[in-house]
Amino acid sequence: MPTESRVSSTDPISAALQAAGGRARTYLRELTSRSVYPSDSAVAALAQFHEPFPEQPCHPADVVRMLDELGSPATVATAGSRYFGFVIGGTLPATLAASWLTSAWDQNSAFRVMSPVVAEIEEVVLRWVCEILGIPDDCEGGIVTCATAANFTALAAARQALLGRSGWNVADDGLFGAPPIEVVVGDEAHASVLKALNLAGFGQKRVIRVPTDAQGRMKSNLLPKLSRNSLVCIQAGNVNTGSFDPATDICRWGHESEAWVHVDGAFGLWAAASPKYRHLTAGFEMADSWATDAHKWPNANYDCGIVLVRDAAALRAAMTISAAYLQPGVKREPTNQTPDASRRARAVELWATLKSLGRQGLAELIERTCAHARRFATGLREAGYEVLNDVVINQVLVSFGAEEITQEVMRRVQKDGTCWCGGTVWQGKTAMRISVSSWATTEEDVEKSLAAILRIARQVRG
Ligand SMILES: Cc1ncc(COP(=O)(O)O)c(C=O)c1O
């Protein structure tokens, strides 16, 4: 064991890490007192990045200094506690710290021989995810960049399995001339599922769309006749309303027909972690494949999409790579479950996230953010504004009246900087979306944000 550190305090690694550590701490400390969205002047100052490719090297500490001085003011405070746009969680302290350490490790996680530790931790954490989500623990899976990539990976496995039933090996022979697969989605399927269908060669327009109800749930009684050549994509957690498709009915019917059922559960599937909300995810465990994100509700850092597939052989057949210099070992190889080969040690960050939360912490995170969403909804309703959705989990849709009024409220909320909320159109009505997804949001943050939204809405409505 070396007794001395390899780096002295004056070497470039120490200097750079010291600079980054100090600046990162200051950045995070100041985050709650600054505007959630960057100022126009901070964004305008980004022009200074547009310099010619430098001739001379730059000291690492100076690289970090420039990044902080120019870049930090132009960031969106998604790591803070009052960002309610899209479905964006923060990064938990243990995750951030693990990310620093794993960056120092600099592991390539593609093959076990490149990083035994990451390969091992990936196996552990995928089992944990199956347990949390209530999915059979012999499912195979992988950690990809995002739910879009997870949807794609699962659909590629589905394609392999469904065509394989007709004796067609899509990995070898491609899709031209292959037997048809009938794809069924809900009218409210997330755009990423359509993109994944496009990438997997199914096409996003030749799908059968099943009508949905007022909350965006598929009407299961309107499902078409299914067969062993059918692929049905269902959703756990609508990006607007948070609603869940009726999985039990769809999966039962799908399986009677031997169809493949895929779940896009980018954030909603994590409701299974809470005894209070688990009932919403009932039936989804019966599906064949699942896509989710740990960088959303569980508050891992980016990129942490997760794909899980019941038919391990189909996933491996769709994703396996081989070359003379890439000799797989006898144990599971991370790259053979995902489209990507070289990648960061995402599994370790996911492990740190779940290890630090534990079962209890994860359940509390889910329940706390749902309670915050309900408080927003109650406060908005009491002030006379229309909440458009049943607030079943952490998503709230609010209309402040006519389209122009809601748009103006949203524009001013974003400019005001107390919090940040995005917009949408829900079943023809313009709405502001409030998605409470961060571990850092407190009751005080909710009250402060609600007060700002109501103040602005009153100003706009006169
Ligand atoms: C239901 C659903 N599916 C898929 C996605 C896409 O996630 P990602 O950006 O990680 O690809 C989202 C994003 O919010 C989502 O809500």
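General remarks:
- Restricting attention to the chain, close to 60% of DSSP beta bridges with both partner residues there are antiparallel.
- Accessible-area value, TRP351, 1.4 Å probe, nucleic acids and ligands omitted, Å²: 80
- Centre-to-centre, using Cα atoms only, region 405-462 and region 25-45 are separated by 19 Å.
- Computed over the chain, relative contact order equals 21 percent, with contacts defined as Cα pairs under 8 Å that lie 6+ residues apart.
- Heavy-atom accessible area order for HIS50, HIS279, largest first, 1.4 Å probe: HIS50, HIS279
- Expressed as a whole percent, the proportion of Cα-Cα pairs in region 206-267 lying more than 17 Å apart is 35%.
- Alpha-carbon Rg/Rh ratio, for region 343-462, with Rh computed the Kirkwood way: 1.06
- For the chain, the residue among PRO54, VAL124, ILE234 whose Cα projects farthest onto the positive side of the dipole built from Cβ charges is ILE234.
- Accessible area of region 74-159 belonging to carbon and sulfur atoms, whole % at 1.4 Å probe: 63
- Radius of gyration (Cα atoms) of region 13-132, expressed as a multiple of 2.2 N^0.38 Å: 1.33.
- Accessible solvent surface per residue of the chain, calculated while the other protein chains remain in place, 1.4 angstrom probe, Å²: 45
- Counting only residues at least eight positions apart within a chain, or on another chain, the lysines with an alpha carbon under 25 Å from that of LYS355 are LYS276, LYS296, LYS331.
- Of the trypsin sites (Lys or Arg not before Pro) found in region 269-378, those that fall in a DSSP loop while having at most 14 other beta-carbon atoms within 10 Å are LYS276, LYS331.
- Unit charges on C-beta of K, R, D, E only; dipole of the chain, Debye: 720
The values are calculated or read from the model by the stated rules, or taken from the named source; none is laboratory data. As the structure is a prediction and not an experimental result, all values here were calculated from the model. We place every Cβ from the backbone using ideal geometry, glycine too, and count neighbours over all the protein chains shown. Quick note on the areas: whole protein, heavy atoms, side chains included, nothing else; ligands and nucleic acids left out. Shrake-Rupley method; radii C 1.70, N 1.55, O 1.52, S 1.80 Å.
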